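A quick write-up on the structure given underneath.
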Amino acid sequence: MTLAEYAAARSTHPQALRSEYVQLFRDSTAAPLAPVTRCEEHEGVVKFCLDVGSGLETESVIIPMDSYRGSKWHTLCVSTQVGCRMGCTFCETGRMGLMRNLTIEEIVTQRIVARRLRHQRTSLPTRPYSYFRDGIRNVVFMGMGEPFDNFDNLVGAIRVLNEPNGLAIPLTQMTVSTVGRIDGLQQLADIVRREPSWANLRIALSLNASNDAVRTQIMPINKSAPLAELQRALLDYPLARRGLYLIEYVMLAGVNDSVEDADAVADWCRPLRCVVNLIPYNPQRDAAYATSDDATVFRFLRRLRSHGIFVKRRVTQGRNLMGACGQLGNPELRRPRRTNRAAGEPVDSNPA
Ligand code: SF4
């Protein structure tokens, strides 16, 4: 909880509890944390899972990053749900179905455990105290789950992560990735209108197709939120003056990676302030898709650039751990799927 909530729960003034609250977040051994059930590392990428009861676990990934200018940092990818009900066909998490929403505490704990793991695995100084000293600069809500499907806990977790007396992670260094829940964008827009600093929160959108037919085939959400409506929702969103949307595009061989697709993606992106992130598909267990080869990815990238679109190719990391984009999820926890799927409905509408 934030300092204000912490004080309210104790029926006292925040100032009276400020130093106690600060200490709670500085000393991650002060509070019992969910046990780490699995932790694997490969080439600097660390994937870890936390026990959240009933045999369920979160999955998070610490990813080393390099800038073109040579600076290095880490990004933490956190989960907001165990599983996901959105049913994107290229995503391991989507194949699990939704098991349950994570609480605010379970989302925030992933950041605190990441700090503990970084300190265990490195000789990073713990003093002077700062969460940035553990080398994790960014938090991205791109792990298991559709963040807007757990909206209240997502917002609550962001408030705690952003709390100046706690982890103090700036909104500019947090990214919420959505599959395109227009209602979630609108709810977030309402918060931005009430609290303008929230415009700094970064938004990523999983696009993954250049037309409605293909997008509906690979992302069931497109039935209820087709491309034109999604573009309208992004145009209406009160993005920060210098803000850019991150448009994620998973490249599936022979499905969405043609030159014509690139032209259509450029047309769709043109009215938006955005950067397109091309993500070569990360293979999954029993995968129905193949990864676009490098030549195809670069041809797509050049084509977008020729249209004046700002585009990058995401460096593939974490595949060996099943920790790369779209690979999170424990297949042993899959829910039975419903057979009569309503148009535009996610594959599993059981509430968490
Ligand atoms: S891509 Fe995201 S929204 Fe789609 S099924 Fe996977 S976790 Fe859910």
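The values are calculated or read from the model by the stated rules, or taken from the named source; none is laboratory data. Quick caveat, the model's predicted, so the values are computed rather than measured. Cβ sites come from the backbone with ideal geometry, for glycine too, and all protein chains shown count toward neighbours.
Is it fair to say residue 142 is under 23 Å from residue 304 (Cβ atoms), in the same structural domain as residue 88 (by TED's automatic domain parsing) and not aromatic (Phe, Trp, Tyr)? Break it down stepwise before answering.
Details: under 23 Å from residue 304 (Cβ atoms): yes; in the same structural domain as residue 88 (by TED's automatic domain parsing): yes; not aromatic (Phe, Trp, Tyr): yes.
Yes: the conditions hold for residue 142.
Starting from residues that are charged (D, E, K, R) and away from the ligand (no atom under 12 Å from the Cβ), keep the ones in region 69-86 and report whichever is surrounded by the most Cβ atoms within 10 Å (Cβ to Cβ).
Pass one, region 69-86, residues charged (D, E, K, R): 69, 72, 85.
From the residues that got through so far, the ones that are away from the ligand (no atom under 12 Å from the Cβ) too are 69, 72.
Numbers: 69: 5, 72: 11.
Only one residue fits best here, namely 72.
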In region 215-240, residue farthest from the ligand (Cβ to nearest atom) [restricted to those that are closer than 19 Å to residue 94 by Cβ and among the small types (Gly, Ala, Ser)]: 224
Filter result for residue 22 (modelled with pLDDT of 90 or more and of a type in the set (A, V, I, L, M)): no
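Residues to consider are 58, 89, 37; find the one that is within 16 Å of the ligand (Cβ to nearest atom), surrounded by 11 or more Cβ atoms within 10 Å (Cβ to Cβ), not aliphatic (A, V, I, L, M) and not in a loop (DSSP other than H, G, I, E, B). If you could, list the steps in order and put the result at the bottom.
Numbers: 89 fails: not in a loop (DSSP other than H, G, I, E, B); 37 fails: within 16 Å of the ligand (Cβ to nearest atom).
Being within 16 Å of the ligand (Cβ to nearest atom), surrounded by 11 or more Cβ atoms within 10 Å (Cβ to Cβ), not aliphatic (A, V, I, L, M) and not in a loop (DSSP other than H, G, I, E, B) holds for just one of 58, 89, 37, which is 58.
Could we say that residue 95 is within 26 Å of residue 249 (Cβ to Cβ) and either within 11 Å of the ligand (Cβ to nearest atom) or assigned to a helix (DSSP H, G or I) (or both) here?
Values: within 26 Å of residue 249 (Cβ to Cβ): yes; either within 11 Å of the ligand (Cβ to nearest atom) or assigned to a helix (DSSP H, G or I) (or both): yes.
Judged against the criteria, residue 95 is a match.
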Answer residue from region 206-221, given it is surrounded by 17 or more Cβ atoms within 10 Å (Cβ to Cβ) and touching a residue at least 60 places away in the same chain (Cβ under 8 Å) and is farthest from residue 247 (Cα to Cα) among those: 220
